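What follows draws every value from the coordinates through simple rules; no lab data is involved. Nothing here was measured: the structure is a model prediction, and the numbers come from that model. All Cβ positions, glycine included, derive from the backbone under ideal geometry; neighbour counts span all protein chains shown.
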Amino acid sequence: MSTGDYPLGAAHDPRAPYNKKENPEVEVTVCVSVTYHKTFKLKVRDYEILDEFVDEDGQYACTRDFSDCDLYDAFERQIGPPKIDHSWTEDEFEVILDE
């Protein structure tokens with residue numbers, strides 16, 4: 001009597017890895033999050049001048065604080081809604097279960 005190259009008594013053992021049945025396919029809901037970046041040039045006026053001086057070459061210079069700039073609004077007005085294409089760089093891609 002042949003055992004089919006299985007260890008004795010293992011041919012029909014449901015715990016044996018070669019007898020494991022695949023789970024039935026089920027549908028799940030997932031949340032996909034993708035982060036992209038691309039550099040743009042914007043014109044803004046809502047910054048604060050912190051210091052004005054003449055540099056070593058005799059040129060006017062200043063240091064500016066852009067922390068209160070409404071960059072989101074400036075982008076929307078000057079560029080519009082982002083249109084993702086091949087010129088954008090993907091930073092992150094994640095898929096998580098959304099239960």
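Summary table below
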{"read-out": "Cα coordinate range in the chain, projected on the principal axes (Å, largest first)", "value": "101, 33, 25"}
{"read-out": "Hypothetical label at Q59: residues of region 10-44 whose amide nitrogen lies under 14 Å (7 Å Cα-Cβ projection)", "value": "none"}
{"read-out": "Computed [θ] at 222 nm, helices only, for the chain once each DSSP H run of length n ≥ 4 contributes -39500 (n - 2.57)", "value": "-2000 deg cm²/dmol"}
{"read-out": "Residue (of Q78, G9, L97) at the positive-pole extreme of the chain, dipole from beta-carbon charges", "value": "G9"}
{"read-out": "Amide proton proximity set for Y36, modelled H, under 5 Å, gap of 5+", "value": "D91"}
{"read-out": "Whole-Hz ³J(HN,Hα) from phi, Karplus 6.51 cos²θ - 1.76 cosθ + 1.60, for region 73-83, glycine and proline x", "value": "5, 4, 5, 4, 6, 8, 10, x, x, x, 10"}
{"read-out": "Net dipole in debye of the chain [+1 Lys, Arg Cβ; -1 Asp, Glu Cβ; about Cα centre; nearest 20]", "value": "680"}
